[in-house]
Amino acid sequence: MRYLKNVVTLQLNESVCIGCGRCVEVCPHAVFHIHHRRAVIVDRDACMECGACARNCPVDAVSVIAGVGCVTGLLNRALGRKGDCCCTEDSCC
Amino acid sequence: MNSDKCCCKQSADCGGSSQHVRTLTPDWGVSDFLGMIRVRLGCGRMSYGMEPGLYAMGSPTPESPVLATANYKLTVDVLRRELGDRDLWLLVLDTANVNVWCAAGKGLFGTAELTRQIEATRLAQHVTRRRVILPQLGAPGVAAHKVKSQTGFHVVYGPVRAKDIPEFLDNGQDATPEMRRVTFPLGERLALTPIELRQQFRAALILVLALGLTPVIWRGWDQGLWNHGLRGAMAGVACWLAGCLLGPALLPWLPGRAFWVKGAFLGAALAAGLALTGVVQGLLPGLGAMLWLGAGVSFLLMNFTGCSTFTSLSGVKREMKAIPAQIAAGTMGLVLWSTGWWL
């Protein structure tokens, strides 16, 4: 399954990259490859903005505005209600 | 399931390298199964936790691998079941009873908590190799290089799924590209639907009651309730089931990339189905059903982005621009639907 095109905030500064390969290791959607000892973005639209690559890049070559893409959470925040996302909601029957 | 074998109440009381290690076995008891069913239904999820700390599976030696995980009990249960009879250490982090993926997104499964547990459990005294295996989906919260500089422990990211861990360990702790990829197969999508159904239950009930009872005003109890009302209630239930169960199940096959588009198609198809089976009668109510079911299922399925494993925050924000259109279509649809009551 593929999500929307040309929407993610992922950025890679290839000139800073040291080719350690952590981004390739942590990405759950194979967005990165190592090419000539540098990371390259090979499938940008597959990015789900989880932020694992940016968090684990030792030289801050990767940046992304990470967050949980959850309509319930975003609506709750917009309406000033608590409950940041469905994954923490717990109203027992 | 787990016996609390411990030498003392607090690790600080112990000397040497044997402080506060509990044991875990791979076997599930009845309470583990019942607990899983309960939390899958969304009940008591936030209190379904385990005591954080260091656990021994089998008879681990100082050479045995260390696996870190979250203290959501279902996470630990699945992990110990998949690990079977292997000898290893489990470092359970305090993630406030939230699973690895969600906890990493919130920073609960993070660099600070991992380094804290490594120090609190005196992990370095239990093992010779300063190496800890993390689930790959914990990576959004953990900076491996910072853990290394703060504790001396090297972080290895293991596979996404617990079932791949035995093969990963046998392969010299090397994950294949397939083990690193997140998928979203039918079984996983369906496992999330009971919570969706429950979360939207109240809204669905209000809709069903409104559509079921309002026609009484114009048509009286007999015609209003048992003819128009019953058909409205059926359409309301269909909307709820389509948005929370059928949509997630059919996700890869619904047209479009945006979830609101997929939902709109499904809702419109549902309206057509209800017209063909005679649940919806007449041109204007039929058009109305197309609009309000399209809008309703579109909104419900858009909510499923929060459960999916491939949608991005930026993408979801863009999708939410459809909300005004959904409200307009829903309102217009319900007005057209109501013409069946008073025209």
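The values are calculated or read from the model by the stated rules, or taken from the named source; none is laboratory data. The structure displayed is predicted, hence computed values, not measured ones. We place every Cβ from the backbone using ideal geometry, glycine too, and count neighbours over all the protein chains shown. The protein model used for the area step is the full one, side chains on, heavy atoms only, and it has no ligands, DNA or RNA in it. Shrake-Rupley method; radii C 1.70, N 1.55, O 1.52, S 1.80 Å.
Filtering B:ALA104, B:ALA56 for residues that are within 14 Å of another protein chain (Cβ to nearest Cβ) and open to solvent by less than 20 Å² (accessible area, probe 1.4 Å) leaves a single hit, B:ALA104.
When region B:39-49 is examined, which residues are found to be at the interface with chain A (Cβ under 9 Å from one of its Cβ atoms) and open to solvent by 20 Å² or more (accessible area, probe 1.4 Å)? Passing the criteria: B:LEU41, B:ARG45, B:MET46, B:SER47. Scan region A:62-82 residue by residue and report those that are out of contact with any strand residue (DSSP E or B) (no Cβ under 6 Å at 6 or more places or on another chain) and hydrophobic (A, V, I, L, M, F, W, C). The answer is A:VAL64, A:ILE65, A:ALA66, A:VAL68, A:CYS70, A:VAL71, A:LEU74, A:LEU75, A:ALA78, A:LEU79. Any residue that is out of contact with any Gly (no Cβ under 8 Å at 6 or more places or on another chain), away from chain A (no Cβ under 14 Å), open to solvent by 50 Å² or more (accessible area, probe 1.4 Å) and part of a helix (DSSP H, G or I) - is there at least one of those in region B:252-270? Checked against the condition, which is being out of contact with any Gly (no Cβ under 8 Å at 6 or more places or on another chain), away from chain A (no Cβ under 14 Å), open to solvent by 50 Å² or more (accessible area, probe 1.4 Å) and part of a helix (DSSP H, G or I), region B:252-270 yields at least one hit.
Is at least one residue of region B:17-36 modelled with pLDDT of 80 or more, part of a strand (DSSP E or B) and within 14 Å of another protein chain (Cβ to nearest Cβ)? Don't jump to the end; show me each part of the working.
Quick first cut of region B:17-36, residues modelled with pLDDT of 80 or more only: B:21-36.
Checking the rest, the ones that are also part of a strand (DSSP E or B) come to B:21-24.
When the remaining residues are screened for being within 14 Å of another protein chain (Cβ to nearest Cβ), the result is none.
No, region B:17-36 contains no residue that is modelled with pLDDT of 80 or more, part of a strand (DSSP E or B) and within 14 Å of another protein chain (Cβ to nearest Cβ).
Selection of region B:59-79 for residues being under 17 Å from B:LEU114 (Cα atoms), among the β-branched types (Val, Ile, Thr) and open to solvent by 10 Å² or more (accessible area, probe 1.4 Å) yields only B:THR75. Each residue in region A:1-12 was checked for being open to solvent by less than 70 Å² (accessible area, probe 1.4 Å), more than 21 Å from B:THR183 (Cβ to Cβ) and not β-branched (Val, Ile, Thr), and 1 of them qualify. Evaluating A:ILE18 against the criteria (1) within 12 Å of chain B (Cβ to nearest Cβ); (2) under 24 Å from B:ALA104 (Cα atoms); (3) open to solvent by 20 Å² or more (accessible area, probe 1.4 Å); (4) of a type outside the set (Lys, Arg) leaves one unmet condition, (2). Checked against (1) modelled with pLDDT under 95; (2) open to solvent by less than 20 Å² (accessible area, probe 1.4 Å); (3) closer than 24 Å to B:ARG40 by Cα, B:CYS307 passes all but a single condition, namely (2).
The rows are residues; the columns are (1) farther than 16 Å from B:LYS262 by Cβ; (2) among the aliphatic types (A, V, I, L, M).
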{"site": "B:PHE304", "(1), (2)": "no, no"}
{"site": "B:ALA325", "(1), (2)": "no, yes"}
{"site": "B:ALA329", "(1), (2)": "no, yes"}
{"site": "B:TRP337", "(1), (2)": "yes, no"}
